[in-house]
Amino acid sequence: MVHERVMEKLAILADAAKYDVSCSSSGSKRKNTGKGIGEASGNGICHAYTEDGRCVSLLKILLTNHCIFDCAYCVSRKSNDIKRAAFTVQEVVDLTIGFYRRNYIEGLFLSSGIFDNPDYTMERLVRIVKKLRLEENFNGYIHLKAIPGASAELLKEAGLYADRLSVNVEMPTEQSLKLLAPDKNHIDVIKPMEYLKNEIVGYKEEKKQNYKAPLFVPAGQSTQMVIGATKENDLEILGMANYFYEKMNMRRVYYSGYVPISYDSRLPAIGTPVPMIRENRLYQADWLIRFYGFNVNEIVGFDQPNLDLDIDPKLGWALRNLDKFPVDINTADLELILRIPGIGVSSAKKIVAARRFKRLQPEDLQKLGIAYSRSKYFLAFASPFQLQRDLTSIQIKDHILNTQKSKYKNDFSNQLSLF
């Protein structure tokens, strides 16, 4: 009977957690001392994918879907007539260890609705992670949600035991949060982010002086924005993400396409397609900002505030800046090579290394693994490739669109079942 009750809770609370996409474990290297169980490696634990490209952690649950807030975009809002459930602290610990020993999981992603107040909920989340670390000697990856409004003491304790903490900003702007979640305050999200940023920096400095100093959120902090629930453009969304990266030392910003779950007139109607393509384009733009040296205003601007859904953002930038092409990859610096469509960071570094030994030709680039069918329009080679330079941006775009296939469709697949 006890087992059946726990499994019923698991079905409810795993399903409720599927709307939170920020479940990557990259960046933590918590070692097993040989006496405990599990290990968090830098490779990550999210190795199950749905058809739309989402990476799913196998034990991804809420502590509870009870909530004192009535956020219009949230399936767990207090006014929603759904089946409610709540785990005890020990039930989450037992599930995590039991699933790990059965080789179902390698870590835990734990979030929660708000029971009574932020501290009451956060205290239970901290108790779970402490029990796993101290009583069960569990060294696997743990991603814990930091509850906005919780005390600094609880956040600090959570950071000593979790690999990653995340405070979800939820809406891209303060105005949208007020519209859809009037009981919430934007500053309650920003304050814990600032606190965690300062603590992470402080512990890193301490670690340099004393190698025995404890780890503190070794995988950093992350956040998530719901996109498509309100009318923000991509310039506003990427501008907010860039603020988090620059001012909060955020490790990742996640974008979650809004899934219509409410008849509320403030939200897109039920049946409206989930903006999966837009979500993917935002991730691509985010990648350009973090790894390719792009500024937000190079990707989107006041004259074009939204990303082109037909093509990726780097190709869009290249088509708007044809005066910078074609590029001779045998002489161009790494920063410019990184801006050529079809060439990634790894391939760009391979090009710079390989050209030291010979002058690279198209066949050499194809061996290096670049997407040559896309990049060829932006590269300088002798005839017959000279003809590529005379194409307009519209012609190049049409050529590329006619040869590519996208896996992203306007549909939504459910989280993988644990059962």
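The values are calculated or read from the model by the stated rules, or taken from the named source; none is laboratory data. Note that the coordinates shown come from a computational prediction; the quantities given were computed from them, not determined experimentally. Cβ placement follows ideal geometry from the backbone for every residue including glycine, while neighbour counts extend to all protein chains displayed. Areas reflect the complete protein model, heavy atoms only, side chains present, ligands, DNA and RNA absent. Shrake-Rupley method; radii C 1.70, N 1.55, O 1.52, S 1.80 Å.
Of the residues Lys9, Lys83, Lys78, Lys35, which is crowded, with 19+ Cβ neighbours inside 10 Å and either more than 23 Å from the chain's Cα centre (by Cα) or modelled with pLDDT under 85 (or both)? Unique residue meeting the criteria: Lys9. Evaluating Lys191 against the criteria (1) at pLDDT 95 or above; (2) crowded, with 21+ Cβ neighbours inside 10 Å; (3) not aliphatic (A, V, I, L, M) leaves one unmet condition, (2). Restricting segment 150-160 to residues that are of a type in the set (A, V, I, L, M, F, W, C) and in a helix (DSSP H, G or I), the residue that is surrounded by the most Cβ atoms within 10 Å (Cβ to Cβ) is Ala158. Residues of segment 181-204 that are farther than 15 Å from Asn249 by Cα and among the charged types (D, E, K, R): Asp183, Lys184, Asp188. Can you tell me which residue is nearest to Ala72 (Cα to Cα) among those in segment 161-186 that are over 22 Å from the mean Cα position of the chain (by Cα) and either free of Cβ contacts under 8 Å to residues at least 60 places away in the same chain or assigned to a loop (DSSP other than H, G, I, E, B) (or both)? For segment 161-186, the residue satisfying everything is Ala181.
Within segment 119-133, the only residue that satisfies the criterion of being touching a residue at least 60 places away in the same chain (Cβ under 8 Å) and either out of contact with any helix residue (DSSP H, G or I) (no Cβ under 9 Å at 6 or more places or on another chain) or open to solvent by 10 Å² or more (accessible area, probe 1.4 Å) (or both) is Arg124. Exactly one residue out of Ala332, Ala348 is among the small types (Gly, Ala, Ser) and part of a loop (DSSP other than H, G, I, E, B): that is Ala332. Within segment 107-127, the set of residues being under 22 Å from Arg251 (Cβ atoms) and touching a Ser or Thr at 6+ places or on another chain (Cβ under 8 Å) comprises Gly107, Leu108, Phe109, Ser112, Met122, Leu125. The residues listed here are Arg320, Arg252, Arg339; of these, the one that is touching a residue at least 12 places away in the same chain (Cβ under 8 Å), out of contact with any Leu (no Cβ under 7 Å at 6 or more places or on another chain) and open to solvent by 50 Å² or more (accessible area, probe 1.4 Å) is Arg320. Selection within segment 197-237: residues that are among the acidic types (Asp, Glu) and under 25 Å from Leu144 (Cβ atoms). The member of this set that is surrounded by the most Cβ atoms within 10 Å (Cβ to Cβ) is Glu199.
Note on segment 249-277: residues that are over 30 Å from Glu194 (Cβ atoms) and either small (Gly, Ala, Ser) or not in a loop (DSSP other than H, G, I, E, B) (or both) total 6.
If Glu246 satisfies every condition in (1) assigned to a helix (DSSP H, G or I); (2) buried (at least 21 other Cβ atoms within 10 Å of the Cβ) but one, which is the exception? Condition not satisfied by Glu246: (2).
Val327 fulfils the conditions (1) of a type in the set (A, V, I, L, M); (2) surrounded by 13 or more Cβ atoms within 10 Å (Cβ to Cβ); (3) without any contact (Cβ under 8 Å) to a residue 24 or more places away in the chain except for a single criterion, (3). Evaluated against (1) of a type in the set (A, V, I, L, M); (2) in a loop (DSSP other than H, G, I, E, B); (3) under 30 Å from Lys349 (Cβ atoms), Leu288 falls short on exactly one condition, (2). If the condition is being hydrophobic (A, V, I, L, M, F, W, C) and closer than 16 Å to Pro341 by Cβ, then segment 265-308 contributes Ala285, Trp287, Leu288, Phe291, Phe294, Ile299, Leu307. Here Tyr203 does not qualify as of a type in the set (Phe, Trp, Tyr), free of Cβ contacts under 8 Å to residues at least 12 places away in the same chain and more than 24 Å from Cys74 (Cβ to Cβ). Report yes if some residue within segment 287-309 is of a type in the set (A, V, I, L, M) and farther than 17 Å from Gly239 by Cβ; otherwise report no. Taking every residue of segment 287-309 in turn, at least one turns out to be of a type in the set (A, V, I, L, M) and farther than 17 Å from Gly239 by Cβ.
Suppose the filter is open to solvent by less than 30 Å² (accessible area, probe 1.4 Å), of a type outside the set (Gly, Ala, Ser) and farther than 17 Å from Ala241 by Cβ; does Val274 pass it? In short, yes. Looking across segment 119-149, the residues that are part of a helix (DSSP H, G or I) and of a type in the set (Ser, Thr, Tyr) come down to Tyr120, Thr121. Would you point out which residue out of Lys367, Lys376 is open to solvent by 50 Å² or more (accessible area, probe 1.4 Å) and either of a type in the set (A, V, I, L, M) or in contact with a Pro (Cβ under 9 Å, 6 or more places away or on another chain) (or both)? Exactly one of Lys367, Lys376 is open to solvent by 50 Å² or more (accessible area, probe 1.4 Å) and either of a type in the set (A, V, I, L, M) or in contact with a Pro (Cβ under 9 Å, 6 or more places away or on another chain) (or both), namely Lys376.
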